[in-house]
Amino acid sequence: MFSFLVYKGAGNKENFRGVSMSDARYAIRFDEATGRAHVDISGEIAPRKILNTFAAIALNNSWAAGDRSVLWQAQEALLPDAFEFADIFRATPLSQTITKPGKSAIVVNKSEEMVAKVARFYQSIAVTSTNRNLEVFYDEEEAVAWLNQ
């Protein structure tokens with residue numbers, strides 16, 4: 001079972017509450033200089049894993065003190081046959097709670113059209129429901145350049 005804390009509003013650590021989720025998360029590494037999170041989304045895309053991953057990122061001290069950017073590397077991601085866009089909507093209220101200002105870039109494989117559509121769906125939610133800038137790219141170098149602006 002995967003457990004972490006979820007931030008519940010402005011203020012101090014008293015606003016954190018424990019949440020336990022059975023789903024895992026994607027691999028994350030943090031750049032020591034900038035605090036930027038690099039996420040490897042390989043295998044099937046799962047909205048709950050994405051939410052768990054972002055929650056783990058949001059609670060990382062070096063990320064919170066850094067530029068608060070995330071590079072989601074989804075070039076190896078696959079869309080499962082049973083994927084439901086509604087699962088993304090179900091995760092939106094919690095993601096609004098843990099989201100902090102910053103930038104996210106999702107890099108997708110050009111030949112995976114449906115993965116790109118899922119990334120654009122996340123982009124539309126970020127624009128309408130959070131305070132993060134999110135862009136979708138086919139080229140990792142362009143994504144990193146945009147995050148560095």
request  = Normalising by the residue count of segment 24-148, find the relative contact order in percent from Cα pairs under 8 Å and 6+ residues apart.
outcome  = 23 percent
request  = Over 22 Å, how big is the tail of the calculated P(r) for segment 24-148, in percent of all Cα pairs?
outcome  = 26 percent
note = Looking only at aspartates and glutamates whose Cα falls under 13 Å of K49's and that sit 8 or more positions away or on another chain, we get D23, D40, D87
message = At a 10 Å Cβ-Cβ cut-off, how would you order T130, T53, T34, fewest neighbours first?
response = T34, T130, T53
FRET efficiency for A145 and N61, using Cβ-Cβ distance with R0 set to 35 Å, rounded to 0.05 = 0.85
query = Which of the peptides 54-63, 120-129, 107-116 is most tightly packed, and how do the rest follow, going by the mean number of other Cβ atoms within 10 Å of each residue?
reply = 54-63, 107-116, 120-129
inquiry  = Taking every DSSP beta bridge with both residues inside segment 24-148, roughly what % is antiparallel (nearest 5)?
reply    = 20 percent
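Read the figures in this text as sums done on the coordinates, not as results from a lab. Every value quoted in this text rests on a predicted model; they were computed, and no experiment measured them. Note: ideal-geometry Cβ built from the backbone for every residue, glycine included; neighbour counts use all protein chains shown.
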